[in-house]
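Participant: Structure below; questions to follow.
Taken together, the values in this text are just the output of simple stated rules run on the coordinates, not laboratory data. These numbers come from a predicted model, not from an experiment. Note: ideal-geometry Cβ built from the backbone for every residue, glycine included; neighbour counts use all protein chains shown.
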């Protein structure tokens, strides 16, 4: 069987998303490092894997994929019988999972990823966090988290009783934001807080974080 | 089509639409151009003689808005009956408490398939394409690998393309319509980024007839509403027509019967 390869860096939120899925499914894979500081993600060789020059890129034998959420879905379906069940075989449950995956992508991530950029990535690039931008983003993310709070009073996880891709996709942004002053957005909402604590404590996620050392 | 009208299939197999009316406390549908009356309750249309049940999918949203159009195009491609329930965005109907019960983020579209309610247009599209897999064109891809490539380009649309187009349409069309000034510097910045994204599309479409391969799929369909806005109201035609393969692809997908029907509904 061909080796699964993930091209990226364990610091990239998108790559971490794919790594989380690989670990949850207990799959053997090779992490091929991409030196983003040196601009390797814009090299010809990498553009052949992802023409948008973004990490991660994924290979399963002849199949090449990019876009972390397409990669996680492929892994979850292709290896449905291994490791944690991340999708549902029931069509209606799968559809509801699909709704909350879209919510993460369109409602949560736009604000969360900008907050990660302000707090964390700007510092990595030697820039300063802009407190006005942080405040504005926290306001917007707070409104989304109000909907999450209501949702999580009705179900333990985003799409129902079980952990799935709709929860997993949040992990990288949650991880970074928990180390910043924006943590308060999660701590002040009891069900959101419990959900964050639960999913970030998963052993598979710990393996992703361990790669950053 | 009026907002109160409901599609029915009569027991003799005719497609009709009609208005609900009350007779002696019960709700009936009076089918147009026919003298027959069919009883209806909560849009479950049944006929006393045939005793058949039929439910029509409801799509909440204005037909002119991009995200509902994505869903309508999908329903029309698959030949699925539906009813549009208009939502007046200009008066803020989508942010009122009763609408928030349907969509906690106060957006359109929302779809109700019987008592199964969904939001997020791309999740709705996937649901329709999967539920009606056996009818109309295959919009999902056949093998797992094909589906993964469709997902990949759907993600590209969602993350690399849509945000830029949405920002441009907001500044060039929506804000001015509301009497506010658009940020032209932002438009300029987005346009330059979009040029690079469309260069990748050009490269892809020079090798592949459609984004995910040889067949039209959700990945292509998902782009229709935004590209139309980009080329028309936002005045950015050149971004498409200056790219040979992108232009050919756009001509192809926008001339599909289902999309033409969406345009008819929106006019």
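Participant: Decide, for chain A, between rounded, prolate and oblate: order the square roots of the alpha carbon gyration tensor eigenvalues as a ≥ b ≥ c, take rounded if a/c falls under 1.5, and otherwise choose prolate if a/b is larger than b/c, else oblate.
Facilitator: Oblate is the answer for chain A, as a/c is 1.5 or above yet b/c matches or exceeds a/b.
Participant: With an 8 Å Cα cut-off and a minimum separation of 6 or more residues, compute the relative contact order for chain A in percent.
Facilitator: This gives 23 percent for chain A.
Participant: Tell me, how many Å apart are the Cα centres for segment B:91-130 and for segment A:153-213?
Facilitator: Between the Cα centre of segment B:91-130 and that of segment A:153-213, the gap is 26 Å.
Participant: Next up: Determine the distance separating the Cα centre of segment A:14-30 from the Cα centre of segment B:134-194; give it in Å without decimals.
Facilitator: 28
Participant: Take peptide A:68-77, look around each residue's Cβ out to 10 angstrom, count Cβ atoms belonging to other protein chains, and average those counts.
Facilitator: If you average over the peptide's residues, the count of other-chain Cβ atoms is 4.
Participant: How large, in Å, is the protein assembly as shown by the Kirkwood hydrodynamic radius built from its alpha-carbon pairs?
Facilitator: 24.1
Participant: By average Cβ neighbour count within 10 Å, what is the ranking of B:70-79, A:172-181 from highest down?
Facilitator: By packing density, highest mean first, the sequence is B:70-79, A:172-181.
Participant: Using a 10 Å cut-off on Cβ to Cβ distances, tally the other chain neighbours for every residue of B:159-171 and report the average as a whole number.
Facilitator: Going residue by residue through B:159-171 and averaging, the value is 1.
Participant: Across segment B:170-266, what fraction of all alpha-carbon pairs, as a whole percent, falls in each successive 5 Å bin from zero upward?
Facilitator: Computed distribution, short to long bins: 2, 12, 21, 23, 18, 13, 8, 2, 1.
Participant: May I pose another question? So how far apart, in nm, are the two label points at residue A:2 and residue B:242 if each is 7 Å from Cα heading toward Cβ?
Facilitator: 3.7
Participant: How would you rank B:165-171, A:2-8, highest first, on the average number of other Cβ atoms within 10 Å across their residues?
Facilitator: B:165-171, A:2-8
Participant: Still on this model: Considering every Cα-Cα pair within segment A:146-187, what fraction, in whole percent, is farther apart than 14 Å?
Facilitator: Value for segment A:146-187 (Cα pairs over 14 Å): 56 percent.
Participant: Per-residue mean of other chain beta-carbon atoms within 10 angstrom of the beta-carbon, peptide B:113-120?
Facilitator: Going residue by residue through B:113-120 and averaging, the value is 3.
Participant: Another question about this same structure. Which whole-number percentage describes the relative contact order of segment A:101-213, with Cα contacts under 8 Å and a sequence gap of 6 or more?
Facilitator: So the answer I get is 29 percent.
Participant: May I ask you to compute the full-extension gain from residue B:233 to residue B:261, defined as 0.36 nm times their residue separation minus their alpha-carbon distance, rounded to one decimal in nm?
Facilitator: Additional length available on full extension: 8.1 nm.
Participant: Contact order normalised by length for segment B:164-221, with contacts defined as Cα pairs under 8 Å and 6 or more residues apart; what percent is it?
Facilitator: Averaging sequence separation for qualifying contacts and normalising by length gives 25 percent for segment B:164-221.
Participant: Extent of segment B:61-147 along each principal axis, from alpha carbon coordinates, in Å, largest to smallest?
Facilitator: 44, 23, 20
Participant: Once you order the gyration tensor axes a ≥ b ≥ c over the Cα atoms, which shape class does segment B:116-203 get: rounded for a/c under 1.5, otherwise prolate or oblate by comparing a/b with b/c?
Facilitator: Here segment B:116-203 falls in the oblate category.
Participant: So for B:90, B:252, fewest C-beta neighbours within 10 Å to most, what's the order?
Facilitator: Starting with the residue having the fewest Cβ neighbours, the order is B:90, B:252.
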